[in-house]
Amino acid sequence: MEIDFSQVDETENYVSVPEGVYPCRIADVREGFTRDGDKRWSVRLEVTDGECAGRTAAWDGISWSERGLQRAKFVLSKLGFDTAGKLAVEARDLLGRTTWVKVLEEERVDPLTGTRSRRMRVPFLGYGEHRASLAGD
């Protein structure tokens, strides 16, 4: 067997949808911690309608650090939670919530391994209105 590996792309590709705005639901929530030790919820955003339905649009995170609270409030409000005052919320409460999400492709290089990867990310303000308010569902 003779193979020319110079033509084989070594980039790990996790892109399953093109860049754009999609109706999504929270399909999975994983609790963990940031590098600084703050609580973080990783959420898998699954496309609900259209030709990409059922695909993962992106994984995003909600950080419960002092610095991350502004975005946490924004994301939760876009998922239909009342963020005007105190809110008791568990990770599982996000499951099934729907919203519009903008995703952009990014390429990263792991500084430790040098491995290049492509994946979708949600910009800081990449969430739209809660779907129930738009679609009447």
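Every number in this text was worked out from the coordinates using simple rules, so none of it is lab data. Values in this document were obtained by computation on a predicted structure and should not be read as measured data. Using ideal geometry, Cβ is built from the backbone for each residue, glycine included, and neighbour counts are taken over all protein chains shown.
Taken over region 46-89, residues that are surrounded by fewer than 16 Cβ atoms within 10 Å (Cβ to Cβ), among the acidic types (Asp, Glu) and outside any loop (DSSP other than H, G, I, E, B) amount to 0.
Just give me the residues in region 1-45 being in a strand (DSSP E or B) and farther than 16 Å from residue 94 by Cα, in sequence order.
Kept after step one, since they are in a strand (DSSP E or B), are these residues of region 1-45: 12-13, 20-33, 39-45.
Within region 1-45, 12, 13, 20, 21, 22, 33 qualify.
Only one entry of 99, 34 meets the criterion of being surrounded by 16 or more Cβ atoms within 10 Å (Cβ to Cβ), in contact with a Gly (Cβ under 9 Å, 6 or more places away or on another chain) and of a type in the set (S, T, N, Q), and that entry is 99.
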